[in-house]
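Trainee: Following this message is one structure expressed as structure tokens.
The values are calculated or read from the model by the stated rules, or taken from the named source; none is laboratory data. Bear in mind the structure is a predicted one, so any value in this text is a computation, not a measurement. Note: ideal-geometry Cβ built from the backbone for every residue, glycine included; neighbour counts use all protein chains shown.
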Amino acid sequence: MMKDFVLKRIVIVLLPFIQMYGLYVIFHGHVSPGGSFAGGMILGLGFVAFATVFGLDRGRQMLPEKVTTLTESYGTLWYGIMGMIGIFKGFPFLANKLAGIDVGVPGTLTSGGLISWIGLGVGIRVASTITTLFFTMMEEKP
Amino acid sequence: MTAAIRANLPVFAVIAPLFVAFVLPTFARRTRLVEGLVIFVQAVGLWGTAYLARLVLAQGGLPIIYEVGGWSAPWGIELVVGNLGAFFLLVVAGVSLPVAIYASGNLAKEVEGARRRAWFYVLYLLLGGALAGMSITNDLFNVFVLVEVATLSCCGLVSASQEPSGAEAAFNYLILATLGSGMILGGIGFLYIVTGHLNMGFAARALATVWQDYPHVVWMAISFFMVGFGVKAAFFPLHIWLPDAHSVAPSPASAVLSGLAVKGYIICLMKVLFHVVGPELMQVFSLNRLLVLLGMVAILIGSILALGQDELKRRLAFSTVAQIGYIFLGMGLLNVKGMTGALFHIASHGIIKSALFLAAGAVITQTGKERVSELAGVGKKMPITMGVFTIASLGLVGIPLFSGFVGKWYMLLGSLGAGDYLAAAVIVAGSVLCAGYLFPVIRVAYFEPAPADDWQEPGVRQRLALILLAMGIFVLGTIPGPLLELALAAATDFLVFN
Amino acid sequence: MRILLSKLLINYPYMASVVLFIIGASTVLTRSNLFKKLIGINIMESAIFLMFIAAGNTRGGAVPILDQANPGASYINPIPSALMLTGIVVSVSVTAFALALIVRLYDSYGTTNARRIAEMRNGVADR
């Protein structure tokens with residue numbers, strides 16, 4: 001835990017922006033560089049920065065282990081459910097435009113169809129994995 | 001709805017275990033639910049793969065092609081359930097169901113804590129899903145990803161036992177296996193640079209026309225694949241990690257690692273060598289000679305090293321090295337008989353080695369004795385366990401009526417057909433050596449006076465799993481039927497394609 | 001000879017990846033410190049990533065984002081880059097897992113030297 005006042009203020013101010021940016025990268029994975037892994041990493045590193053500056057206990061309060069386990073599991077399950085949409089409509093697994101999902105104008109946010117939504121699940125999974133890794137490594141008693 | 005499920009069975013075979021695995025940690029403490037779910041998934045998986053295999057057999061070997069996301073071949077990822085895919089899916093499902101039943105009974109004695117056990121099942125299901133994916137994917141990069149999933153879950157399974165030697169074996173395995181995956185990725189890279197395709201069919205067609213322009217790059221790619229998959233499959237000079245890793249893991253883990261995981265990499269290597277590179281090109285690079293030679297050395301050295309081990313699980317682990325040698329030898333013969341023998345040996349060794357490891361695990365957890373010399377009289381106290389061990393030993397040696405015989409017989413015919421009498425002699429000598437390291441266990445267990453200790457048979461579920469595997473050995477030995485048919489068709493696909 | 005040299009110079013990314021691969025592989029196989037082995041693995045994997053990405057590059061190619069207003073003359077092949085992103089994820093997980101194992105080994109043996117660990121384990125087994 002760090003005692004520096006400036007650092008604490010800056011992290012508090014920046015945290016929402018970091019997370020917004022992470023979500024932005026996740027949702028724009030199909031039109032710009034980045035995507036669910038990079039975005040999820042940014043999302044997770046926001047929490048890591050918070051926990052480094054405010055101490056592990058405050059970090060754990062904000063993101064308890066139960067929550068990360070749930071998001072890790074259901075983030076991946078979300079991918080599966082999104083993939084199943086194709087099957088329910090009578091098309092192969094992960095069918096996108098085939099299954100009648102709107103894919104708008106190329107180059108815009110909606111042009112990915114299912115991709116952004118699948119990316120959301122993957123991004124949440126990556127973010128929770130990164131935070132879990134961080135907490136596991138930090139809480140290890142020497 | 002049922003029609004939709006049937007049409008999507010190939011993809012369900014891969015994703016069902018994976019997604020169930022991801023959900024398990026959320027109710028990790030409810031052990032009963034976790035075990036029930038795992039066994040249910042495996043049972044449904046067995047039913048589904050049996051259905052797929054029947055479909056493939058009924059179609060006369062015409063593959064079922066599944067395009068993920070509806071994107072066709074060069075752009076999308078294909079899952080191809082051909083003869084080989086259906087064959088290995090059946091083997092994976094058939095072995096992992098009894099092992100899961102056994103694990104639900106025995107794991108509490110080998111791994112402490114409900115959460116750790118739940119994580120064990122997570123890794124177990126991930127390994128199953130990855131192996132199913134390896135058997136049916138038709139995309140080179142997909143192969144890499146699935147191989148990597150399988151490797152990481154194998155390392156996790158090895159380190160599941162709390163002993164520090166487990167962590168050491170897992171680390172050594174992880175380092176060597178990652179070296180191997182780096183090599184595999186490099187090989188895929190070279191093939192992609194030369195052919196411009198990641199789909200195996202398209203890469204094969206491109207390679208047939210361009211390999212003369214870049215013989216060295218193709219050579220590099222093949223050698224990278226050989227070393228990469230060789231490390232993971234414990235092919236002879238690269239087997240050093242296997243005895244440690246397979247002997248310290250909990251016994252259900254040892255069973256799947258020795259019985260299935262190693263075979264998954266061999267199936268991938270077969271796909272790359274025969275479906276992409278092709279038998280003609282293999283002969284140009286005299287790869288078949290290398291496979292036969294190293295296979296022979298592996299059989300002899302692996303068996304001789306197994307003879308010298310007193311620890312039961314280590315002895316079985318070294319025996320795996322020798323049996324892998326058989327499979328590579330059969331592959332290198334480049335005729336349909338030898339190939340069929342190799343494929344059938346994959347199935348029969350999967351079942352036999354799982355039965356051996358599970359029986360050994362039951363003996364070790366019930367008696368606490370890990371060494372062969374200490375097992376005097378176990379046969380009288382634990383008749384079912386040692387009976388299954390005996391049946392499996394007879395099967396591995398290759399006595400007729402047991403499944404090991406069929407594979408070895410076909411390999412023998414194949415080596416005689418190829419005019420390779422030395423290989424035939426080594427196959428027979430390997431069987432004799434196999435008897436040499438397995439029969440002493442049986443002799444000690446049955447014919448030496450039992451100590452006064454009160455040793456009990458393991459629980460109902462362990463016995464059920466052992467009996468299921470023993471029945472499998474019998475059935476495959478007496479009526480190999482559909483499985484042999486699939487192996488024969490797959491071998492024909494390998495050698496007579498385009 | 002000059003042709004060979006110029007070929008090597010033109011393909012410098014491949015040469016760099018070969019050198020990196022050899023450095024990484026030899027580090028893994030010859031060093032006995034567990035951390036050095038892990039670093040060797042990472043160097044080796046980056047060598048392969050470099051090779052893949054160099055294979056996808058076209059000289060003077062544009063970023064492969066389709067801009068319909070002014071399409072570029074040639075694009076970089078995006079497939080190798082996308083594949084290597086997956087490869088990087090895999091390598092991250094391998095690294096994390098290996099680090100966790102090293103922590104466990106250090107807890108039980110008190111050293112990160114593979115040779116000393118093997119000696120200690122064999123000593124225990126003999127007794």
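Trainee: Inside the stretch B:204-227, can you point out the residues that are buried (at least 22 other Cβ atoms within 10 Å of the Cβ) and within 13 Å of chain C (Cβ to nearest Cβ)?
Mentor: B:ALA221, B:PHE224
Trainee: Next question, about the same structure. Suppose we filter A:PRO16, A:PRO33 for residues that are within 12 Å of chain C (Cβ to nearest Cβ) and either among the charged types (D, E, K, R) or under 18 Å from the mean Cα position of the chain (by Cα) (or both); which single one remains? Show your work before the answer.
Mentor: Numbers: A:PRO16 fails: within 12 Å of chain C (Cβ to nearest Cβ).
Just a single option satisfies the conditions, and that option is A:PRO33.
Trainee: So, one more: Determine if the stretch A:81-101 includes at least one residue that is in contact with a helix residue (DSSP H, G or I) (Cβ under 6 Å, 6 or more places away or on another chain), on the phi > 0 side of the Ramachandran plot and surrounded by 14 or more Cβ atoms within 10 Å (Cβ to Cβ).
Mentor: yes
Trainee: Being more than 23 Å from A:GLY22 (Cβ to Cβ) and aromatic (Phe, Trp, Tyr): is that true of A:PHE134 here? Give the steps one after another, and end with the answer.
Mentor: Details: more than 23 Å from A:GLY22 (Cβ to Cβ): no; aromatic (Phe, Trp, Tyr): yes.
In short, no.
Trainee: Write out, first by first residue and then by second, each pair whose Cβ atoms fall under 9 Å of each other, whose residues are 6+ apart or on separate chains, and whose first residue, in the stretch A:112-125, is more than 18 Å from A:TYR74 (Cβ to Cβ) while the second is charged (D, E, K, R).
Mentor: Final answer for the pair search is A:GLY113/A:LYS97; A:GLY113/A:ASP102.
Trainee: Now, a different point. Please go through the stretch B:333-384 and pick out each residue that is polar (S, T, N, Q) and either at pLDDT below 90 or over 21 Å from B:ARG463 (Cα atoms) (or both). Even if it seems obvious, please write down each step before you answer.
Mentor: First pass over the stretch B:333-384, keeping only residues polar (S, T, N, Q): B:335, B:340, B:348, B:354, B:365-367, B:373.
Correct list: B:ASN335, B:THR340, B:THR365, B:GLN366, B:THR367, B:SER373.
Trainee: If a residue must be assigned to a helix (DSSP H, G or I) and free of Cβ contacts under 8 Å to residues at least 60 places away in the same chain, how many such residues does the stretch B:109-122 contain? Full working, then the answer.
Mentor: Step one: list which residues in the stretch B:109-122 are assigned to a helix (DSSP H, G or I), which gives B:109-110, B:114-122.
Restricting the remaining residues to those that are free of Cβ contacts under 8 Å to residues at least 60 places away in the same chain gives B:116.
Here the count works out to 1.
Trainee: Being within 20 Å of A:ILE26 (Cβ to Cβ), surrounded by fewer than 20 Cβ atoms within 10 Å (Cβ to Cβ) and either in contact with a Ser or Thr (Cβ under 6 Å, 6 or more places away or on another chain) or more than 14 Å from chain B (Cβ to nearest Cβ) (or both) is the requirement here; does A:GLY104 meet it? Explain how you work it out, then say what you get.
Mentor: On the way: within 20 Å of A:ILE26 (Cβ to Cβ): yes; surrounded by fewer than 20 Cβ atoms within 10 Å (Cβ to Cβ): yes; either in contact with a Ser or Thr (Cβ under 6 Å, 6 or more places away or on another chain) or more than 14 Å from chain B (Cβ to nearest Cβ) (or both): yes.
Yes; evaluated as a whole, the condition is true for this residue.
Trainee: Also: Do you know which residues across the stretch A:63-98 are facing chain B (nearest Cβ under 9 Å), within 22 Å of A:HIS28 (Cβ to Cβ) and either assigned to a loop (DSSP other than H, G, I, E, B) or aromatic (Phe, Trp, Tyr) (or both)?
Mentor: Result: A:TYR79, A:LEU94, A:ASN96, A:LYS97.
Trainee: If a residue must be crowded, with 17+ Cβ neighbours inside 10 Å and either hydrophobic (A, V, I, L, M, F, W, C) or modelled with pLDDT of 90 or more (or both), how many such residues does the stretch B:475-484 contain? Break it down stepwise before answering.
Mentor: Keep residues of the stretch B:475-484 that are crowded, with 17+ Cβ neighbours inside 10 Å, which gives B:476-477, B:480, B:483-484.
Now narrow it down to the ones that are either hydrophobic (A, V, I, L, M, F, W, C) or modelled with pLDDT of 90 or more (or both): B:476, B:483-484.
Of the residues in that region, 3 qualify.
Trainee: Follow-up. State which residue pairs qualify: first residue more than 17 Å from C:VAL18 (Cβ to Cβ) and inside the stretch B:184-198, second residue hydroxyl-bearing (Ser, Thr, Tyr) and modelled with pLDDT under 95 in any location, beta carbons under 7 Å apart, and separation of 6 or more residues or different chains.
Mentor: B:LEU198/B:TYR192
Trainee: Here is a follow-up. Please enumerate the residues belonging to the stretch B:129-175 that are facing chain C (nearest Cβ under 9 Å), modelled with pLDDT of 90 or more, surrounded by 24 or more Cβ atoms within 10 Å (Cβ to Cβ) and under 15 Å from C:LEU34 (Cα atoms).
Mentor: Selection gives B:ALA170, B:PHE171, B:LEU174.
Trainee: Mind checking which residues of the stretch B:278-300 are farther than 12 Å from B:TYR326 by Cα and either part of a helix (DSSP H, G or I) or in contact with a strand residue (DSSP E or B) (Cβ under 6 Å, 6 or more places away or on another chain) (or both)?
Mentor: Of the residues in the stretch B:278-300, the ones farther than 12 Å from B:TYR326 by Cα are B:278-290.
B:PRO279, B:GLU280, B:LEU281, B:MET282, B:GLN283, B:VAL284, B:LEU287, B:ASN288, B:ARG289, B:LEU290, listed by residue number.
Trainee: Oh, and also: Residue check: is A:LEU77 surrounded by fewer than 21 Cβ atoms within 10 Å (Cβ to Cβ) and under 25 Å from A:LEU114 (Cα atoms)?
Mentor: Values: surrounded by fewer than 21 Cβ atoms within 10 Å (Cβ to Cβ): yes; under 25 Å from A:LEU114 (Cα atoms): yes.
Against the criterion (surrounded by fewer than 21 Cβ atoms within 10 Å (Cβ to Cβ) and under 25 Å from A:LEU114 (Cα atoms)), A:LEU77 qualifies.
Trainee: Across the stretch B:41-77, what is the number of residues that are in contact with a helix residue (DSSP H, G or I) (Cβ under 9 Å, 6 or more places away or on another chain) and farther than 30 Å from B:GLY196 by Cβ? I'd like the intermediate steps shown before the answer.
Mentor: Taking the stretch B:41-77 and keeping what is in contact with a helix residue (DSSP H, G or I) (Cβ under 9 Å, 6 or more places away or on another chain), we get B:41-57, B:60-66, B:68-70, B:73-74, B:76-77.
Still in the running and farther than 30 Å from B:GLY196 by Cβ: B:41-57, B:60.
Selection size over the stretch B:41-77: 18.
Trainee: Between a residue in the stretch C:73-102 that is in contact (Cβ under 8 Å) with a residue 40 or more places away in the chain and any residue that is outside any helix (DSSP H, G or I) and of a type outside the set (A, V, I, L, M, F, W, C), which pairs come within a Cβ distance under 9 Å, given they are 6 or more apart or on different chains?
Mentor: Filtered contacts from the stretch C:73-102: C:ILE102/C:THR112.
Trainee: Is it the case, given these coordinates, that C:THR95 is buried (at least 16 other Cβ atoms within 10 Å of the Cβ) and either within 22 Å of the chain's Cα centre (by Cα) or more than 10 Å from chain B (Cβ to nearest Cβ) (or both)? Full working, then the answer.
Mentor: Values: buried (at least 16 other Cβ atoms within 10 Å of the Cβ): yes; either within 22 Å of the chain's Cα centre (by Cα) or more than 10 Å from chain B (Cβ to nearest Cβ) (or both): yes.
Criteria met by C:THR95.
Trainee: Ok, one more. When the residues of the stretch B:70-91 are filtered to those that are crowded, with 19+ Cβ neighbours inside 10 Å and touching a Pro at 6+ places or on another chain (Cβ under 6 Å), which remaining residue is nearest to A:ALA95 (Cα to Cα)?
Mentor: B:LEU79
Trainee: Just a yes or no: is a residue in the stretch C:17-30 touching a strand residue (DSSP E or B) at 6+ places or on another chain (Cβ under 9 Å) and more than 17 Å from C:ALA55 (Cβ to Cβ)?
Mentor: The initial filter retains those residues of the stretch C:17-30 that are touching a strand residue (DSSP E or B) at 6+ places or on another chain (Cβ under 9 Å), namely none.
Taking every residue of the stretch C:17-30 in turn, none turns out to be touching a strand residue (DSSP E or B) at 6+ places or on another chain (Cβ under 9 Å) and more than 17 Å from C:ALA55 (Cβ to Cβ).
Trainee: Which numbered condition trips up B:GLN309, out of (1) surrounded by fewer than 24 Cβ atoms within 10 Å (Cβ to Cβ); (2) part of a helix (DSSP H, G or I)?
Mentor: Among (1) surrounded by fewer than 24 Cβ atoms within 10 Å (Cβ to Cβ); (2) part of a helix (DSSP H, G or I), the lone unmet condition for B:GLN309 is (2).
Trainee: Only one residue in C:ALA16, C:ALA62, C:ALA55, C:ALA25 is under 19 Å from C:SER81 (Cα atoms), without any contact (Cβ under 8 Å) to a residue 40 or more places away in the chain and within 13 Å of chain B (Cβ to nearest Cβ). Which one? Outline the logic, then answer.
Mentor: Working: C:ALA16 fails: within 13 Å of chain B (Cβ to nearest Cβ); C:ALA62 fails: within 13 Å of chain B (Cβ to nearest Cβ); C:ALA25 fails: under 19 Å from C:SER81 (Cα atoms).
After ruling out the rest, the residue left standing is C:ALA55.
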